[in-house]
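The next block holds one structure in the form of structure tokens; read it before the comments.
The values are calculated or read from the model by the stated rules, or taken from the named source; none is laboratory data. As the structure is a prediction and not an experimental result, all values here were calculated from the model. Cβ: placed from backbone, ideal geometry, glycine included. Neighbour counts: every protein chain shown.
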Amino acid sequence: MLKSMTGFGRVEKNAGDKTFLIDIKSLNGKQFDLQLRMPALLKPFEFDIRKLLSENLNRGTVDCFISLKETGAAKPVTINTDLAKAYFKPLQELSAALNLDPSHILSTLVKLPEVITPSSETLNEEEWDTFQNIIKEAIADLNLHRLEEGKSLEDDLRLRIANILAQQEEVIKLEPLRQQKIRDGLTKLLEENVGKENFDKNRLEQELIYYIEKIDISEEQVRLKNHCDYFVSLLNEQDDAKGKKLSFILQEIGREINTTGSKAYDSTIQKCVVQMKDELEKAKEQVLNVL
């Protein structure tokens, strides 16, 4: 079971006389990176909200927007009288200098920054408990989308690993032929340049054994098969967050494929290696989106 890091959750519900709309969007990311926007009355609970999101979403670039749509009663406001007086005198002088009607100064004053501010307001304990349930519901909605995306990712990753193993089977079939081609090629080269009777065939056989052992790829194929099997077994596990593990295994798979290619010295095997690399790169792109 895989979870994607991509998802979207939305919930709109009441907490007391307040109506909250919560939108949570998640994209892929190496760590948990949260952008949180919320109304001022939730500021005292910011740490708890961040913790709630972090614990339930684990990883990804998360954008959470919480808006207060409406309240049952008008909010009380505070007038900063001292600030209004400080603004008034220069405005009165400006009005006189420009020969303007001073009767509009009050309407201008109330629009200036910080002259009128909402009174401090926050959630009571009951409203906070209700709000926590609302945001948990939004998180659950997002995680449901993540699971749906994860199904597609898992199907594609299984296909990529199956294709790599299919190419590996071709490499294993070609391996005996490759060794014989190397043996025949070196023998022919010596016969053409030195002559059949002018080299020690026993010594040649010893050197061939040493050379073929150096370019033997059987160990790489065993490790490649083990890595692929481990990758598939990890896909079957129930753990939610395993994108990093899968990425590490793909790195190991890549090492074995690259070593096979560097040792092959065979054009047909190289074609299989190229196909495996292509499937590996596609798998790496998909794993970037796995939680």
*Which number in (1) in contact with a helix residue (DSSP H, G or I) (Cβ under 7 Å, 6 or more places away or on another chain); (2) touching a residue at least 40 places away in the same chain (Cβ under 8 Å); (3) surrounded by 16 or more Cβ atoms within 10 Å (Cβ to Cβ); (4) not acidic (D, E) marks the one condition that R10 misses?*
(3)
_Please determine whether any residue of the stretch 266-289 is assigned to a loop (DSSP other than H, G, I, E, B) and either polar (S, T, N, Q) or within 26 Å of the chain's Cα centre (by Cα) (or both)._
yes
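Quick check on L2: is it within 14 Å of the chain's Cα centre (by Cα), buried (at least 18 other Cβ atoms within 10 Å of the Cβ) and within 29 Å of D156 (Cβ to Cβ)?
It is true that L2 is within 14 Å of the chain's Cα centre (by Cα), buried (at least 18 other Cβ atoms within 10 Å of the Cβ) and within 29 Å of D156 (Cβ to Cβ).
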_Residue match in the stretch 109-127 (condition: part of a helix (DSSP H, G or I), among the acidic types (D, E), modelled with pLDDT of 75 or more and surrounded by 13 or more Cβ atoms within 10 Å (Cβ to Cβ))_ = yes
*Listed residues D48, D33, D23; which is among the charged types (D, E, K, R) and assigned to a helix (DSSP H, G or I)?*
D48
